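Note sheet for the following structure.
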C-alpha cells in the first residue's frame, strides 16, 4: 500500500482551507476512490468506506438546505463521526454552521474549491491514481523524444546516459537517469519519473555528475512521462541474427502491461541518438495505424503475384 499526504492534494488542486490545523498535515490518503455522501445523509451507510474523501456538491448542499437545522446537525454529526480524511465543498459553496461545527468537533479538514463537481472529481481521481499507483524502480534512462516516452534499458556502460545527453542536445527532454520509478496508473498505462533525490542529475563516466537543468535549461527536463516504447541496448554480437525488417513485434512486460520494445545493438560508429529518434517516430506511426515493414512486405507480395500472373 502506498500513501500520499493530504497536504500534497491540497497544494496540487489549490484547495481553500475552511477549517484546517497544523496537525492535519500528518493525515495521509491510501485510497484513490472518493465519495459523494448523498446516500449517507439520508441514512444509508451500507458499504460506506471512511477512508475516502467526501465531496459535497450542489445536490448534497441543496438537500441539507431543505431540512431543519436540527435534522441537519444530526445527519452531519453522524457522517463526520465516521472520521473520513477530509470534506471538500465544490462550486465555491460555503459550509453550513452545523458542518463547520462537526468538522471542528471530529477534527476533520474542511476544504473548498470553485471547480464544478464533476470536473473536480475527475481531476482528483486522476491525481490520486498517480500518487497511489503500484510502482517499481528499474535501472535505466527515461527520455521524451518527439512526445514519445522512451525507456532505455541495458547493462551499465552500454551507453544509455551518453545517448540521453546527445538527445538533450538535439532538443529532447530527460525524465530520469540511472533509476526510473515506474507507476501503473491504469490497466493500460505506465508513467515514469525520477526519484526526487537524483532528479535532473545524470552520470557520465569520465566527467561525473551533471545537472541537466542548470546546463541545458528548463526545456530539457520533464517531471513525468508515459512509457510508450522500451529500447534494450546491448553490445553488438557478431554473427547474431538481428531483426532487420521489424515484422515481428516484441513487447516487454512491466507490471502486467506489455510495452512495445526493440533490441538495439550498440557498436562503434552507430549514432544511437538518431536511432532512438527514428524508433520514436516509427512507434508513433504504428499507433496511428501505419507499419512500414508490413507495407513493404505487402508490396513485395503484390509484385510477386503480378509476376506469376
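The values are calculated or read from the model by the stated rules, or taken from the named source; none is laboratory data. Only a predicted model underlies this, so the values are computations on that prediction, with no experimental measurement involved. Every residue, glycine as well, gets a Cβ built from its backbone with ideal geometry; the counts of neighbours run over all protein chains shown.
Points worth noting:
- Residues satisfying the stated conditions in region 34-43, i.e. in a loop (DSSP other than H, G, I, E, B) and in contact with a strand residue (DSSP E or B) (Cβ under 7 Å, 6 or more places away or on another chain): 36, 37
- In region 12-33, the residues that are farther than 23 Å from residue 99 by Cα and outside any loop (DSSP other than H, G, I, E, B): 12
- Residue 238 within 18 Å of residue 136 (Cβ to Cβ) and either in contact with a helix residue (DSSP H, G or I) (Cβ under 9 Å, 6 or more places away or on another chain) or exposed (fewer than 10 other Cβ atoms within 10 Å of the Cβ) (or both): no
- The residues of region 286-309 that are within 25 Å of the chain's Cα centre (by Cα) and either surrounded by 16 or more Cβ atoms within 10 Å (Cβ to Cβ) or modelled with pLDDT of 90 or more (or both) amount to a single one, 286.
- With respect to the stated conditions, residue 245 is farther than 16 Å from residue 172 by Cα, assigned by TED's automatic domain parsing to the domain that holds residue 193 and modelled with pLDDT under 80.
- Where strands (runs of 3 or more DSSP E) fall entirely within region 44-154, those with at least 1 residues that are farther than 30 Å from residue 203 by Cβ, under 25 Å from the mean Cα position of the chain (by Cα) and in contact (Cβ under 8 Å) with a residue 40 or more places away in the chain are at 53-56, 87-89, 110-112.
- Test for residue 200: is it crowded, with 16+ Cβ neighbours inside 10 Å and at positive phi: yes
- From the options 221, 230, 212, residue that is surrounded by 13 or more Cβ atoms within 10 Å (Cβ to Cβ), closer than 15 Å to residue 166 by Cα, under 20 Å from the mean Cα position of the chain (by Cα) and assigned by TED's automatic domain parsing to the domain that holds residue 151: 221
- Residue match in region 171-194 (condition: assigned to a helix (DSSP H, G or I) and either without any contact (Cβ under 8 Å) to a residue 60 or more places away in the chain or surrounded by 15 or more Cβ atoms within 10 Å (Cβ to Cβ) (or both)): no
- Candidates 49, 3, 7: the one that is touching a helix residue (DSSP H, G or I) at 6+ places or on another chain (Cβ under 6 Å) and within 25 Å of residue 132 (Cα to Cα) is 7.
- Note on region 44-63: residues that are surrounded by 14 or more Cβ atoms within 10 Å (Cβ to Cβ) and either under 19 Å from residue 95 (Cα atoms) or in contact with a strand residue (DSSP E or B) (Cβ under 6 Å, 6 or more places away or on another chain) (or both) total 9.
- Here residue 134 meets the list (1) surrounded by 17 or more Cβ atoms within 10 Å (Cβ to Cβ); (2) in contact with a strand residue (DSSP E or B) (Cβ under 6 Å, 6 or more places away or on another chain) almost entirely, failing just condition (1).
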